[in-house]
Each structure stands twice: as C-alpha cells, then as structure tokens.
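One structure is given here, and the rest of the page talks about it.
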Amino acid sequence: MATISSRIRSQYARRTAQLEGERDVTNDAAKDKRRPARGKPHDLTAILAAWEFDEEKSVRRIKAEDGRDVIQVRLPLGLEQYEIDGRPDGKRPMNQESWLHYYWGRAKASPTDLGEDSGDVPGTLSLSDEDFCRLEQEGLLYYYRYLLFFQIHEYRLCARDTRRNLKLLDFVAEHAPAERAQALEQYRPYILRMNHMARALFKIQENEDIPGALKILHAGLKAIEALRPIPGNHVFEVEKVRSLKSLEDLISQLQAHVPRHMALENDLQKAIREENYERAAVLRDELAELKRNLKQ
C-alpha cells in the first residue's frame, strides 16, 4: 500500500464538506498550540524537492521540531502528516482527545453534568446525524493511520488504533439507529482482521513467539466466524470472506516456518554443546535471517 485509495479520500472530502460547521463548536481554547497562526501562504517547493516521491519509500516516521514523533506520507503532489497519539490530525474537539471521547463522556454524564438544555437523558444518549458523521469522519482518520502503521511495521500502534475503532463500532451500535450503525458495522470483519494480524506480528517482532502469534490468529478466525450476518449487506459478507482468507494465509505462512525454526534452534544448541562454534555461528546467521523474514 503506497497511497490511500482515491475513493476513500473522496469519501473523506465529502464528509469534511458536510461538517464545515464543526469548527464552530470546537473549543477554540483547546486547539493545538503547535498549529501555526494563519498568515501568508507558504511555498512547499523546497520541502517537496527535499523528499522526492518514491512509491516504495513514501512513508516515514520522523522527529518534529518539538521532539515528538510524527508520521509523514509523500504523495505524488504533496505531503501528509499524522500525529502518533490522539487524533491523527492533532485536533481536540470540545477539549477532548477525540469526538469519541466526548460522546463517551456525554453517555456517562450525570444530570448535573449534562445541564438543563442538553436534551440528553443519562444512559440514553441518542446520536444525531451530525453526531454520527463526526464519529464516522474521525474513524476514517484512524483508519488511514493504522494502515500506515501496518505498512511501516509499527504493529503495536496498528493494534491500538484498530482496537479504538472497534470500540467506536460498539458505541455507535448502542447509541445510533440500526441503519446508521450498519454503515460502520459492515467493516467489523476487516478491522478484526487487521487487529489480530497486527497483534500476532507484534508478538513475533518483540519475542519471536510464533506459537503465540498463531494462537492470536486462530482467535481472530473464531471472532470473525462468530459475527452475526447483516441481512442484505453485501459489503459485510465480502469483508468477512476476505478477512478469513487473509488470516488463513498468514497462519499457513507462519506454520511453514515453525519446523525450520525449531530445527535450527535444536541444531544450534547441539553445536554449542559440542563446542562447534563455527557451525553455531552459521546457524545463528540462518536463524537471524529467518526471523527477519518473519518480521517483514
């Protein structure tokens, strides 16, 4: 994956146009202090020239001027920058980490917290069309970011963001009309797939634990197989089939490495016991190469 599909970007642009009023209800005092003041437009020619577009090297993690890490994406005609933590765009709507956090608070608020004019009853929050659009738009931002995390092998962060979007689906299913909730629910198989793949690959990345990774992937298969169908929803069925196939393929790839991995480990221990250090060095190199391949 070198760039995000134009179809999804178009969807995001449409949602952004629908939510032009969002900036009016966002707490101005809570806006990110890192954002420069508006003024004369800047020419990006020098910045773009310093990092020419290369489809194979289009994503990088760098240190910003203030020391925080950010993800940058080089596109054919420009750049994108994502925050590592919080909302990918760095905004804090209503002085909260995200719109999801804001609506979580609304759903849990007491009558005193809500105020007389809120229109909410504690424990019975009902999301309006505007509320839903805010959450859907925000979920797309996290989707863009977790794809990038997966691409650059930041599997722990990919697992974090996919877990966050699964919580989004749970929240919307509880507080939005069913027909609205299905617009997000139809992607649950895909998000579950990405979450379990990221967690499994992180297991290998951190501990070289192939059996542990396989356990996570098999749990992912069970979770997706157990999903209730959405009548008449073709997208859900397609995503479910594709997600099961992807997990099964990764399981097959890892299982193919297990016998070789175990054999090399056994041979290495034998070489060390026999004090055949030249042979042990060769085996260590082979193991290291196998582990590098698994992490990619």
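The values are calculated or read from the model by the stated rules, or taken from the named source; none is laboratory data. Keep in mind that this is a model prediction, so the values were computed, not measured. So basically every Cβ, Gly included, is an ideal-geometry build from the backbone, and we count neighbours across all protein chains shown.
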message: Against the conditions (1) out of contact with any Asp or Glu (no Cβ under 7 Å at 6 or more places or on another chain); (2) at pLDDT 80 or above, where does LEU283 fall short? Just the number, please.
response: (1)
query: Within the range 140-191, restricting attention to residues that are of a type in the set (Gly, Ala, Ser) and surrounded by 21 or more Cβ atoms within 10 Å (Cβ to Cβ), which residue is farthest from ILE71 (Cα to Cα)?
result: ALA176
query: With ALA213, ALA198, ALA280, ALA226 as the choices, which residue is crowded, with 17+ Cβ neighbours inside 10 Å and farther than 24 Å from TYR155 by Cα?
result: ALA280
Which numbered condition TYR103 fails, given (1) at pLDDT 95 or above; (2) surrounded by fewer than 16 Cβ atoms within 10 Å (Cβ to Cβ); (3) in contact with a helix residue (DSSP H, G or I) (Cβ under 7 Å, 6 or more places away or on another chain): (2)
- prompt: Which of the residues spanning the range 61-95 are farther than 20 Å from LEU44 by Cβ and acidic (Asp, Glu)?
  reply: ASP66, ASP69, ASP85
Residue that is modelled with the lowest pLDDT [pool: residues in the range 108-137 that are surrounded by fewer than 12 Cβ atoms within 10 Å (Cβ to Cβ) and not in a loop (DSSP other than H, G, I, E, B)]: THR112
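Residues checked against (1) under 29 Å from ALA288 (Cβ atoms); (2) at pLDDT below 95; (3) within 22 Å of the chain's Cα centre (by Cα):
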residue: GLN186; (1), (2), (3): no, no, yes
residue: ILE191; (1), (2), (3): no, no, yes
residue: GLY212; (1), (2), (3): yes, yes, yes
residue: ILE216; (1), (2), (3): yes, no, yes
residue: LEU221; (1), (2), (3): no, no, yes
residue: LEU227; (1), (2), (3): no, no, yes
residue: PHE236; (1), (2), (3): no, no, yes
residue: ARG273; (1), (2), (3): yes, yes, no
Verdict on GLY220 being buried (at least 16 other Cβ atoms within 10 Å of the Cβ) and either under 30 Å from ALA173 (Cα atoms) or acidic (Asp, Glu) (or both): yes
message: Just to verify a result, which residue in the range 65-89, among those that are surrounded by fewer than 18 Cβ atoms within 10 Å (Cβ to Cβ), touching a residue at least 24 places away in the same chain (Cβ under 8 Å) and in contact with a Lys or Arg (Cβ under 8 Å, 6 or more places away or on another chain), is nearest to LEU141 (Cα to Cα)?
response: ILE84
